[in-house]
Amino acid sequence: MKTQVAIIGAGPSGLLLGQLLHRQGIDNVILERRSGEYVLSRIRAGVLEQGMVDLLREARVDKRMDEEGMPHDGFELAFDNRRVHVDLKGLTGGKSVMVYGQTEVTRDLMEARESVGATTIYEAENVQPHDLETEHPYITYEKDGETCRLDCDYVAGCDGYHGVSRRSIPEDRIKTFERVYPFGWLGILSDTPPVSDELIYANHERGFALCSMRSKTRSRYYVQVPEGEKVEDWSDERFWDELKARLPDDVADQLVTGPSIEKSIAPLRSFVAEPMQYGRLFLVGDAAHIVPPTGAKGLNLAASDVNTLYRLMAKVYQEGRTDLIARYSEVCLRRVWKAERFSWWMTTNLHKFSDGEDFERRIQQAELDYYTSSRAGLTTIAENYVGLPYESLE
């Protein structure tokens, strides 16, 4: 089998890239080691930046998002038992975010791909790229006990942090940067109305908390827990009590509790691999970078990589602009590091790092007070939250 762009990974980034390429007449095949049902079962974040919303519209997969998604023009920072509103729309010239679950984005993209008959090969085992520094790369994989080969012009590695794409780059050709945080997020999903119309990020002496939602009747809540904590040690009652303790009194009083329908602990880390390309292999999303979820940047950062690679491939196939290929990594990394910075800032200033009132705690309080006390400070937060502009290749 032969295609123009081989995409490894059928998560939202691989599917979105495939949809955009298809609309430009660029043939592509997606290889995914899991089943489609497994991919859809993964519950992830659901805050979409303005840029990603626009990209989904360009891909023509926005119908259900517009019907069921929840546009948000602001969010709140809570600290010192008070709440500060960040007016995203007013501070950024009309930009906002959309609350729409990653699972739903993935479902929409799967259905769009199926409707046009584009090829996705699920349960492809032992996927391995070859000859990436030549003009004729190819991928081998196993399907139903047979070894198969996919010839291509380019390879897009959209297979996540643990995927094969980044591991296919020789160690002496890639450098990684990492910070692992000494805590995680214990999150629950519940069929209860959200405590607020907007997301609330809370800094508290007991630890961080986040009030989010998936719909008007389904809520997503998180509390910071120490590294090594076990889900089994947290009953629903214990979770709700801890969440209430970390929220401003007026918010805690309005919280509607109920049985959890999903409960898990997510570790927090920052990670970047440089460069994001090797020969004709391009790393996309989590294959190249991880951010702590505090700034809602993970999926959105993957979308910005997709935007860059999709426009690059359009230039290559429609205008012969192979000279732009070498620019992919530098263009992506500029935005990646700015998103890493914002996610680091939110994580550093909203989480508990030590017990008691120490220097770091006082700096946190000063940072939050400083940034929320002026329009300039609030604008900085708002601009980063709605997403920095996508950079052009030229």
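The values are calculated or read from the model by the stated rules, or taken from the named source; none is laboratory data. Note that the coordinates shown come from a computational prediction; the quantities given were computed from them, not determined experimentally. For neighbour counting, all protein chains shown are included, and Cβ atoms are generated from backbone atoms with ideal geometry for every residue, glycine included.
In the range 144-167, which residue that is outside any loop (DSSP other than H, G, I, E, B) and of a type in the set (G, A, S) is nearest to T3 (Cα to Cα)? Can you show your working first?
Of the residues in the range 144-167, the ones outside any loop (DSSP other than H, G, I, E, B) are 146-151, 154-157, 164-167.
Then drop every residue that is not of a type in the set (G, A, S), which leaves 156-157, 165.
Numbers: A156: 12, G157: 15, S165: 18 Å.
Once the filter is applied, the top-ranked residue is A156.
Anything in the range 327-359 that is assigned to a helix (DSSP H, G or I) and among the basic types (K, R)? List them, or say none. First the steps, then the outcome.
Narrowing the range 327-359 to residues assigned to a helix (DSSP H, G or I): 327-350, 359.
Listed by number, the residues that qualify are R327, R334, R335, K338, R341.
Being under 18 Å from N126 (Cβ atoms) and in contact with an Asp or Glu (Cβ under 9 Å, 6 or more places away or on another chain) is true for just one of Y141, Y201. Which residue is that?
Y141
When the residues of the range 28-43 are narrowed to those that are touching a helix residue (DSSP H, G or I) at 6+ places or on another chain (Cβ under 8 Å) and at pLDDT 95 or above, which ends up farthest from D54 (Cα to Cα)?
It comes out as E32.
Wholly within the range 50-143, which helices (runs of 4 or more DSSP H) include no fewer than the required count, namely at least 2 residues that are surrounded by fewer than 21 Cβ atoms within 10 Å (Cβ to Cβ) and of a type in the set (D, E)?
Output list reads 50-58, 63-68, 102-115.
Output yes when any residue across the range 134-154 is in contact with a His (Cβ under 6 Å, 6 or more places away or on another chain) and of a type outside the set (A, V, I, L, M), and no when none is.
Among the residues of the range 134-154, at least one is in contact with a His (Cβ under 6 Å, 6 or more places away or on another chain) and of a type outside the set (A, V, I, L, M), which makes the answer yes.
Identify, by number, the condition in (1) modelled with pLDDT of 95 or more; (2) part of a helix (DSSP H, G or I) that R362 doesn't meet.
(1) is the only condition that R362 fails.
Would you confirm whether any residue within the range 256-279 is in contact with a helix residue (DSSP H, G or I) (Cβ under 9 Å, 6 or more places away or on another chain), more than 25 Å from Q102 (Cα to Cα), buried (at least 18 other Cβ atoms within 10 Å of the Cβ) and among the aliphatic types (A, V, I, L, M)?
no
Take the residues in the range 230-274 that are in contact (Cβ under 8 Å) with a residue 40 or more places away in the chain and small (G, A, S), then tell me which one is farthest from E205 (Cα to Cα).
Ranking the qualifying residues of the range 230-274, first place goes to A273.
If you check V316 against the conditions, is it in a helix (DSSP H, G or I), of a type in the set (V, I, T), surrounded by 19 or more Cβ atoms within 10 Å (Cβ to Cβ) and more than 17 Å from the chain's Cα centre (by Cα)?
Yes; evaluated as a whole, the condition is true for this residue.
Return yes when Y181 is among the hydroxyl-bearing types (S, T, Y), farther than 30 Å from E125 by Cβ and assigned to a strand (DSSP E or B) and no when it is not.
The answer is yes for Y181.
Which one of the conditions (1) in a helix (DSSP H, G or I); (2) within 26 Å of the chain's Cα centre (by Cα) does Q224 fail to meet, given that it meets all the rest?
Against the list (1) in a helix (DSSP H, G or I); (2) within 26 Å of the chain's Cα centre (by Cα), Q224 comes up short only on (1).
Could you list all residues from the range 357-394 that are of a type in the set (D, E) and either under 22 Å from the mean Cα position of the chain (by Cα) or closer than 24 Å to G207 by Cβ (or both)?
Listed by number, the residues that qualify are E357, D358, E360, E367, D369, E383, E391.
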